[in-house]
Amino acid sequence: MAFLIVFDSTSGNSFQEALKLHAGLMDYLRKKEVKLVPVIFMVANKIDKDPWGTECQNVRQSATMHSEHQSIPYMEVSALQYKGVKKLFRSITQMVRRNASLWLLVNNPKSSEEAEQKGCVLQ
């Protein structure tokens with residue numbers, strides 16, 4: 001239902017890998033012709049490590065631009081200081097809840113009949 005692509009905000013290499021993961025995920029979804037795209041978040045971690053460093057500033061700015069261009073949410077967190085983590089998971093939960101088609105089960109009548117024949121119960 002949701003993907004978190006987490007990268008180190010102090011490492012350009014980590015951010016580049018996150019971009020590759022995002023591109024790979026989008027390619028996979030296109031190839032499989034998935035109609036219900038899951039919620040995808042870009043998450044910069046370790047924002048407390050070197051917040052005023054040049055590389056950190058560049059990575060955070062690039063991540064902001066990428067998220068705006070791709071129309072995906074971007075958040076910054078510090079797992080060490082637990083800064084922004086609660087807000088991140090609340091945001092993800094809210095987005096998944098708003099997109100009911102991601103979590104509602106579609107009851108397939110054929111599979112229900114097969115399950116009844118086998119003595120299984122679907123709820």
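The values are calculated or read from the model by the stated rules, or taken from the named source; none is laboratory data. For clarity, every value in this text was computed on a predicted model and none was experimentally measured. Cβ placement follows ideal geometry from the backbone for every residue including glycine, while neighbour counts extend to all protein chains displayed.
Can you work out which of the residues in region 56-82 that are surrounded by 14 or more Cβ atoms within 10 Å (Cβ to Cβ) and at pLDDT below 90 is nearest to Val96 (Cα to Cα)? Checked region 56-82; the qualifying residue nearest to Val96 (Cα to Cα) is Ala79.
The set of residues in region 7-28 that are small (Gly, Ala, Ser) and more than 15 Å from the chain's Cα centre (by Cα) comprises Ser9, Ser11, Gly12, Ser14. Evaluation of Met1 against the conditions (1) in contact with an Asp or Glu (Cβ under 7 Å, 6 or more places away or on another chain); (2) loosely packed, with under 14 Cβ neighbours inside 10 Å; (3) of a type outside the set (Val, Ile, Thr) shows that the sole unmet condition is (1).
Tally the residues that are surrounded by 15 or more Cβ atoms within 10 Å (Cβ to Cβ) and among the charged types (D, E, K, R), restricting the search to region 35-47.
First, pick out the residues of region 35-47 that are surrounded by 15 or more Cβ atoms within 10 Å (Cβ to Cβ): 39-47.
Checking which are among the charged types (D, E, K, R) leaves us with 46.
Here the count works out to 1.
Scanning region 95-123 for residues that are over 21 Å from the mean Cα position of the chain (by Cα) and either modelled with pLDDT of 80 or more or in a helix (DSSP H, G or I) (or both) yields a count of 10. For region 46-97, which positions are under 14 Å from Phe7 (Cβ atoms), acidic (Asp, Glu) and touching a strand residue (DSSP E or B) at 6+ places or on another chain (Cβ under 9 Å)? Glu76 - this is the single residue of region 46-97 that is under 14 Å from Phe7 (Cβ atoms), acidic (Asp, Glu) and touching a strand residue (DSSP E or B) at 6+ places or on another chain (Cβ under 9 Å). If you filter region 1-37 down to residues that are closer than 16 Å to Met95 by Cβ and either assigned to a strand (DSSP E or B) or among the aromatic types (Phe, Trp, Tyr) (or both), you find that the one that is modelled with the lowest pLDDT is Ala2. Considering Ile72, Ile92, Ile40, the condition of being under 14 Å from the mean Cα position of the chain (by Cα) and assigned to a loop (DSSP other than H, G, I, E, B) is satisfied by Ile72 alone.
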